[in-house]
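*Asks:* This is the structure I have questions about; it appears just below.
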Amino acid sequence: MRVTSSWITSSAATRLMSMFSNAGEEAFFVGGCVRNSLMNVPVSDLDVSTSVRPERVMELAKACGFNAIPTGIEHGTVTVVADGEPFEITTFRKDVETDGRRAVVVFSDRLEDDAHRRDFTMNALYARADGTIVDPLVGLPDLLARRVRFIDDANQRIREDYLRILRFFRFHAWYGDDDAGLDPEGLAACAQNIEGLSNLSKERVGAELIKLLSASEPERAVAAMDHAGVLNALLPGASTKAFFLLTSFEHSVDPIVRLAALGRFDVAKILRLSKQQGRQYEALRTYAEGAETIREIAYREGKKMAWDVAALRAAFFEQPLDASLSAEIEKAAKAKFPVSAQDLMADFSGPALGTMLRDLERAWIESGFRLTYGELMKKAGRDGSV
Ligand code: ATP
Ligand code: MG
């Protein structure tokens with residue numbers, strides 16, 4: 001097997017890899033870009049591993065006219081931009097000390113060392129510039145079987161970095177074989193090490209959970225997380241019942257909507273989502289539990305929020321979506337309230353004007369946006385001919 005994707009034959013990748021070979025050095029593509037290319041799924045970022053030390057990577061890049069940014073130079077990472085394309089170049093590393101959250105690393109000359117400190121066999125595949133695979137830990141059979149398997153001893157891997165528990169479920173959600181299920185040894189090790197999750201920062205947990213919930217079909221992974229006790233350790237009181245229904249009702253994949261289906265959590269405290277995600281979560285939960293019609297939500301918040309709330313309510317109340325929902329949402333999202341404050345100024349002012357405007361808008365929404373300008377002005381005590 002070889003990597004033949006367009007990114008590896010691009011002039012940016014070719015020039016970058018020549019920079020190493022011309023200097024008599026070795027470099028390999030690694031991780032997600034190799035894994036995803038072999039699985040024929042889109043690649044998000046390009047990571048390169050090399051024995052070359054970061055300071056020398058900077059020198060080589062500058063000598064080739066590439067922009068080199070020392071993004072994480074103390075732990076070995078330099079971002080090199082070639083033809084506008086960023087490559088994350090990281091020097092081979094070896095863990096010398098781990099505490100379950102972060103590791104003390106030393107640079108290494110051996111690719112094998114670099115492979116052994118990664119998480120799953122399918123994430124420790126390397127590719128040369130010509131696309132040929134280097135597979136020091138025999139990850140290819142796992143990749144082909146879509147089996148997410150810890151490198152070496154699962155328990156030990158997890159104790160080095162408890163985030164790997166979440167990554168195990170995340171990678172299964174994205175790339176695992178649901179029929180075969182999750183690797184039993186990995187699953188047992190996750191269940192055994194749940195207490196370690198409390199060591200992790202909210203940011204890391206939140207980011208992993210959002211990635212997991214962004215998979216197109218995360219149900220099996222979430223069910224396994226639930227059975228292993230991981231879900232409740234992260235989100236106390238979480239329940240998967242509505243979540244499983246939601247995935248059959250949802251209009252589009254949105255991790256925040258899925259999170260809202262799992263329960264009501266103080267997401268800001270537990271996960272430290274972005275401000276925008278936190279606001280979206282609160283709005284979803286408030287609307288899902290509130291009395292506003294989907295029509296009103298579509299009018300006020302737009303189509304997406306209306307679909308999301310409709311799907312959440314259907315999941316919570318175990319009722320299918322209404323067949324007329326699509327037409328109703330389309331109409332409501334386009335509706336324009338025909339009356340403005342100015343139209344009422346001759347008769348109303350101050351708070352009374354605001355109240356009248358709101359009352360009229362409510363009546364108009366309840367009419368299914370059918371009340372006309374004239375009918376609304378009549379309600380306001382005007383004959384509408386103004
Ligand atoms: P994605 O497409 O989601 O970016 P990825 O495999 O590139 O997938 P990253 O989180 O970007 O995932 O990590 C890049 C690589 O670094 C992984 O493939 C893995 O080899 C290694 N890695 C990242 N995080 C860890 C970790 N916590 N423990 C061990 N290895 C890790
Ligand atoms: Mg990546």
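*Asks:* Among the helices (runs of 4 or more DSSP H) contained in region 254-296, which hold 1 or more residues that are open to solvent by 50 Å² or more (accessible area, probe 1.4 Å) and under 24 Å from SER326 (Cβ atoms)? Talk me through it step by step, then tell me what you get.
*Replies:* Details: elements: 255-262, 267-270, 275-289.
Qualifying helices (runs of 4 or more DSSP H): 275-289.
*Asks:* So the check is Cβ under 6 Å with 6+ separation or different chains; which pairs have a first residue in region 14-36 that's within 16 Å of ligand 1 (Cβ to nearest atom) and a second one that's part of a helix (DSSP H, G or I)?
*Replies:* That search, which allows pairs on different chains as well, returns ALA27/PHE20; GLY31/ASN123; ARG35/MET122.
*Asks:* Which condition number in (1) over 27 Å from the mean Cα position of the chain (by Cα); (2) at negative phi is the one that TRP307 fails?
*Replies:* Evaluating TRP307 over (1) over 27 Å from the mean Cα position of the chain (by Cα); (2) at negative phi leaves (1) as the failure.
*Asks:* So, one more: Can you tell me which of ARG159, ARG164 is surrounded by fewer than 19 Cβ atoms within 10 Å (Cβ to Cβ), under 25 Å from VAL96 (Cβ atoms) and within 14 Å of ligand 1 (Cβ to nearest atom)? Step through it out loud before you land on a result.
*Replies:* Working: ARG164 fails: surrounded by fewer than 19 Cβ atoms within 10 Å (Cβ to Cβ).
That would be ARG159, the only listed residue that is surrounded by fewer than 19 Cβ atoms within 10 Å (Cβ to Cβ), under 25 Å from VAL96 (Cβ atoms) and within 14 Å of ligand 1 (Cβ to nearest atom).
*Asks:* Then there is this: Checking LEU371 against (1) assigned to a loop (DSSP other than H, G, I, E, B); (2) assigned by TED's automatic domain parsing to the domain that holds LEU245; (3) surrounded by 15 or more Cβ atoms within 10 Å (Cβ to Cβ), which single condition isn't satisfied?
*Replies:* That leaves (2) as the condition not met.
*Asks:* Report yes if some residue within region 118-125 is aromatic (Phe, Trp, Tyr), within 15 Å of ligand 1 (Cβ to nearest atom) and assigned to a helix (DSSP H, G or I); otherwise report no.
*Replies:* Within region 118-125, not a single residue is aromatic (Phe, Trp, Tyr), within 15 Å of ligand 1 (Cβ to nearest atom) and assigned to a helix (DSSP H, G or I).
*Asks:* Further, regarding this structure: Is it true that some residue in region 344-355 is in a helix (DSSP H, G or I), open to solvent by 80 Å² or more (accessible area, probe 1.4 Å) and either under 30 Å from ALA238 (Cβ atoms) or touching a residue at least 40 places away in the same chain (Cβ under 8 Å) (or both)? Break it down into steps so the answer makes sense when it comes.
*Replies:* So the first thing to find is which residues in region 344-355 are in a helix (DSSP H, G or I), and the list is 344, 350-355.
Going one step further and asking which of them are open to solvent by 80 Å² or more (accessible area, probe 1.4 Å), we end up with 351.
Imposing the further condition that a residue be either under 30 Å from ALA238 (Cβ atoms) or touching a residue at least 40 places away in the same chain (Cβ under 8 Å) (or both) reduces the set to none.
No; the residues of region 344-355 include none that is in a helix (DSSP H, G or I), open to solvent by 80 Å² or more (accessible area, probe 1.4 Å) and either under 30 Å from ALA238 (Cβ atoms) or touching a residue at least 40 places away in the same chain (Cβ under 8 Å) (or both).
The values are calculated or read from the model by the stated rules, or taken from the named source; none is laboratory data. Note that this is a predicted model, so its numbers are computed, not measured. Note that each Cβ is placed from the backbone with ideal geometry, even for glycine, and that neighbours are counted across all protein chains shown. These area figures cover heavy atoms from the full protein model, side chains too; ligands, DNA and RNA do not enter into them. Shrake-Rupley method; radii C 1.70, N 1.55, O 1.52, S 1.80 Å.
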